[in-house]
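In what follows, a structure is listed as structure tokens, so that the remarks can point back to it.
The values are calculated or read from the model by the stated rules, or taken from the named source; none is laboratory data. Just so it is clear, the structure is predicted and the values come from calculations on it, not from any experiment. Every residue, glycine as well, gets a Cβ built from its backbone with ideal geometry; the counts of neighbours run over all protein chains shown. All accessible areas refer to the heavy atoms of the entire protein, side chains included, with ligands and DNA or RNA removed. Shrake-Rupley method; radii C 1.70, N 1.55, O 1.52, S 1.80 Å.
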Amino acid sequence: MARPHVIVLGNEKGGTGKSTICMHIAMHFLANGCKVGTVDVDARQGTLTRYINNRLKYQQTKQASIAAPQHFSVHKSNLNEPESAKKEEQSSFDLAMQKLSDHDFILIDTPGNDTFLSRLAHSHADTIITPLNDSFVDLDMLVRVDEDNLSPSLYSEMVWEQRKARMMRDKRSIDWIVMRNRLTNLYSHNRGKVEDVLVSLAKRIGFRLATGFNERVIFRELFVSGLTLLDFELMDKSLTISHVTAKQELRDLVGMIKVN
Ligand SMILES: Nc1ncnc2c1ncn2[C@@H]1O[C@H](COP(=O)(O)OP(=O)(O)OP(=O)(O)O)[C@@H](O)[C@H]1O
Ligand SMILES: [Mg+2]
């Protein structure tokens, strides 16, 4: 591979699973023998950073030989003057990317709101992955759904701008994958409606729709230990169909990433 493939997890809506999925994709590539770096541009919340630190703690306390990505946390500048703040953030980001330039994959986790660092990260993506929960509230970040009218909304417009920025910088395009996360059977009527809207929008807004992940308790339990679905043998649990299916969902998602 000539240069790292950059995957950005993004959605201006909070709590849709960006950090959890970012960690799982990183661990998937590591488990497949790739050199993987991670960057947290949501350093204020720092979920990905803490997830990885929990993993390093697990390594130490249990003396377990488990792999972890090389990780950088890029902080928001404290400077008051906006242009100087942007410059400082840009150089911290560039430094992290440069240090990871000999890696196969760089996974970037972004915050659930619009920041300079998040936009910058998106403009460096080869692949953007946007998880959203299965509701019209989440859908609203992609598209404004009125009675009989659909128009691109905030996040889609931001992705569009970053696609242009990327094209101007190095003539490369950004592939965009949208996936639903935390799917349940409880709201299957709503689920069908959200799916219909997403399918009809995919071409128009320019994303590919992944099948997505089901709601699974295990995702919420894993964070504290720093483990992922791929570390099942280290867990004090017996393997269930749900875990096998969850791993398959992860493989299906990763299989959609077009590595150049
Ligand atoms: N498929 C899933 N099943 C069950 N729980 C999940 C699933 N995916 C994520 N979660 C849980 O949902 C919560 C939010 O996930 P996460 O922190 O990854 O979202 P986020 O998009 O990064 O949030 P933020 O925008 O605040 O950064 C966490 O408690 C996580 O464990
Ligand atoms: Mg997060």
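How would Ile7, Ile241 line up by accessible area, probe 1.4 Å, largest first?
Output order, biggest surface exposure first: Ile241, Ile7.
Can you give the FRET efficiency for Glu81 and Lys164, using 1/(1 + (r/R0)^6), R0 = 30 Å, r = Cβ-Cβ distance, to the nearest 0.05?
0.65
In whole Å, what are the Cα extents of region 60-135 along the three principal axes, biggest one first?
46, 36, 26
Leaving out ligands, DNA and RNA, and with a 1.4 Å probe, what % of the accessible surface on the chain is carbon or sulfur?
52 percent
Counting heavy atoms of the protein chains only and a 1.4 Å probe, report the per residue accessible area for the chain as a whole number of Å².
Ligands and nucleic acids excluded, the figure is 50 Å² per residue.
How big is the antiparallel share of DSSP beta bridges in the chain, given as a percent to the nearest 5?
That works out to approximately 10 percent antiparallel.
Which percent of the Cα-Cα distances in region 84-126 go past 17 Å?
The proportion of pairs with Cα distances above 17 Å equals 31 percent.
Any idea what log10 I(q)/I(0) is at q = 0.07, 0.13, 0.14 Å⁻¹ for the chain, Debye with uniform C-alpha scatterers and no solvent?
-0.24, -0.84, -0.98
Would you mind calculating the gained length between Asp196 and Ser65 on full extension (0.36 nm times residue separation, minus the Cα-Cα distance), in nm to one decimal?
This chain segment gains 42.7 nm when fully extended.
Sort Lys76, Lys237, Lys57 by accessible area with a 1.4 Å probe, largest first.
Reading off the accessible areas and sorting them downward yields Lys76, Lys57, Lys237.
Using Cα pairs under 8 angstrom and six or more residues apart, how large is the relative contact order of region 5-255, in percent?
Relative contact order, region 5-255: 25 percent.
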